[in-house]
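So the structure is just underneath, and the comments pick up after that.
Please treat every number below as a calculation from the coordinates, not as lab data. No experiment lies behind these values; they were computed from the predicted model shown. A quick note on method: Cβ atoms are made from the backbone with ideal geometry, for glycine too, and the neighbour counts reach across all protein chains shown.
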Amino acid sequence: MPTCEILCNTLSADVDAKALSAKAAAVVAQLLSKPLSYMMSYVTVNPSLTFGGTDAPAAYVSIASIGAVGGPKNSIIVAEITALVTRELGIQPERIFVGIRDISPDSFGHNGLTFA
């Protein structure tokens with residue numbers, strides 16, 4: 001059930017958003033020790049995204065999971081996701097935020113049912 005959303009304000013013509021989404025899903029699944037078949041990921045480009053008062057290339061990555069996140073593990077997740085976004089999009093690490101949420105099973109659903 002983990003999700004990974006990448007929101008950025010720029011995407012060069014040579015970047016395939018679907019391929020980036022697939023790479024992000026694979027990285028997050030591995031980091032969280034979850035099957036790739038459970039992952040949902042997507043990339044959204046929103047030119048209105050600003051960071052530090054400028055519209056220079058920036059990104060926000062949101063990762064949500066029922067368990068498998070928290071504590072020292074989050075530092076590893078942030079480092080790996082930041083490296084992926086920097087490598088794939090050319091966005092400098094200091095212009096990337098990563099948010100990680102541990103979601104309660106009764107607050108997330110799939111196929112018409114919650115995970116509780």
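Things to note:
- When each of Glu80, Glu94 is tested for being among the charged types (D, E, K, R), under 11 Å from the mean Cα position of the chain (by Cα) and surrounded by fewer than 18 Cβ atoms within 10 Å (Cβ to Cβ), the lone residue that passes is Glu80.
- Of all residues making up the stretch 13-44, the number that are within 18 Å of Val98 (Cα to Cα), small (Gly, Ala, Ser) and exposed (fewer than 13 other Cβ atoms within 10 Å of the Cβ): 0
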